[in-house]
Amino acid sequence: MTSFTYDDDRRTGSYEIRSGMVRVATEFGTKATQVGGSPPLVIARMLARELTQAAKLK
């Protein structure tokens, strides 16, 4: 598992790639999707951003 930093708040999350899926874990939860045409890190950052935005809407 690898860590990365995302968002203007510099929050930290982690992601892993397994069986063609990218799975992200952040303080706001977890989310997964299939690896597509984009690099896995790009997908992971996108998923992390979605989790952050959803948490801000609550």
### Query
Which members of region 27-54 meet the condition of being in contact with a Phe, Trp or Tyr (Cβ under 8 Å, 6 or more places away or on another chain) and under 13 Å from Arg11 (Cα atoms)?
Arg45, Ala48, Arg49, Leu51, Thr52
### Subset of region 1-32 [at pLDDT 90 or above, over 11 Å from Leu51 (Cβ atoms) and in contact with an Asp or Glu (Cβ under 8 Å, 6 or more places away or on another chain)]
Val22, Arg23
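The values are calculated or read from the model by the stated rules, or taken from the named source; none is laboratory data. Here the structure is a predicted model, which means the values were calculated and not measured. Using ideal geometry, Cβ is built from the backbone for each residue, glycine included, and neighbour counts are taken over all protein chains shown.
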